[in-house]
Each structure stands twice: as C-alpha cells, then as structure tokens.
Amino acid sequence: MRSGLEGGEDRKGRMLAMQSVSRRIHSMVDAPRLTKFFLEAPQSVKVEFSNGSVFNLSAEFLRIHSPAADGKLRSIGGEKVISGRRHVGIMSAEPVGNYGVRLIFDDLHKTGIYSWDYFYHLGSNKFSLMRNYIKKLRKYGLSREPTRRK
C-alpha cells in the first residue's frame, strides 16, 4: 500500500510528463514555415522561420538530439544518453522531400532526418534541452568531451 505522499509524487511526475509532451506537440504543431536553411559546416546549422525566429544550432546539440532511433546511444536506466560529442562536426546535409534534411556527422552518424518542425522545436527549447542534457550527463558521471583512445 502506498502512502499519500508517494501517490502524490507519482501523480505530480505523471502530470509533469504530460505537460512536457503537450508542450512538444504544441510547439511542433504550431511551427511556422521555414524560410531559410544554412549549413555552416562543420560547426552549426542556422534556420530562419516565417515568424522571424532565427536559431543557430550547434553540431553537438543537433547530434545529441538526433531523431534517429540508434544515434550511437547508451541506455542507462531507460534513458537515452549520448556522451562525448562536444567536438562532433556536420559534414553535409541532404534534402529529404520538402519537409527536412538528413545531417551527416563526422562520427558517421547519418540516419537522423530532421524535419523543419523539429528544427523549430529544438530552437525554441534550446536552452532547457541543453541544460537537461548536461544534468543527465552529470547524473551518470559522463562528459561532453570525447573519450581518449589509447
């Protein structure tokens, strides 16, 4: 049997998760039209939208938020964790239909297709996403720095 406190914390956790999903869906559904895409290889991608929003997204940020299922990730405690990508670069971008691009990274990751709506979501939430990523790395004793080869 659960105490009232545990049940309340569980409900609060579920509520926060639902709010997070709701924000993501809302920002992706209401994304304005992309007007410009610039690959500034190898460091970043710059995207501009019809509402005037402009986002400069680093290669590391895009790599760790790859929409690909594999993404060369570690699953720790059921969480997706990608570490050691501080110096990753973007080698190229290939158009995919008229809805996005496939980014090819110099760590040979190339299976993620980034839709224009997903770029808007990433740009709109860049600071909180990066803050949460750094917290997750610290939680598991991981680093943004690549591991040194012997």
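The values are calculated or read from the model by the stated rules, or taken from the named source; none is laboratory data. Keep in mind that what you see is a predicted model, and the values were worked out from it rather than measured. We place every Cβ from the backbone using ideal geometry, glycine too, and count neighbours over all the protein chains shown.
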Restricting the search to the stretch 26-42, which residues are within 29 Å of LEU137 (Cα to Cα), at pLDDT 90 or above and surrounded by 14 or more Cβ atoms within 10 Å (Cβ to Cβ)? LEU39, ALA41, PRO42
Scan of the stretch 70-102 for residues that are acidic (Asp, Glu) and modelled with pLDDT under 85, ordered by number: ASP70, GLU79
Tell me the residue from LYS126, LYS136, LYS110 that is closer than 13 Å to PRO67 by Cα and of a type in the set (D, E, K, R), please. LYS110
If you take the residues in the stretch 125-150 that are touching a residue at least 12 places away in the same chain (Cβ under 8 Å) and part of a loop (DSSP other than H, G, I, E, B), which one is surrounded by the fewest Cβ atoms within 10 Å (Cβ to Cβ)? THR147
Within the stretch 97-124, can you find the residues that are more than 20 Å from PRO42 (Cα to Cα) and surrounded by fewer than 16 Cβ atoms within 10 Å (Cβ to Cβ)? GLY97, ASN98, TYR99
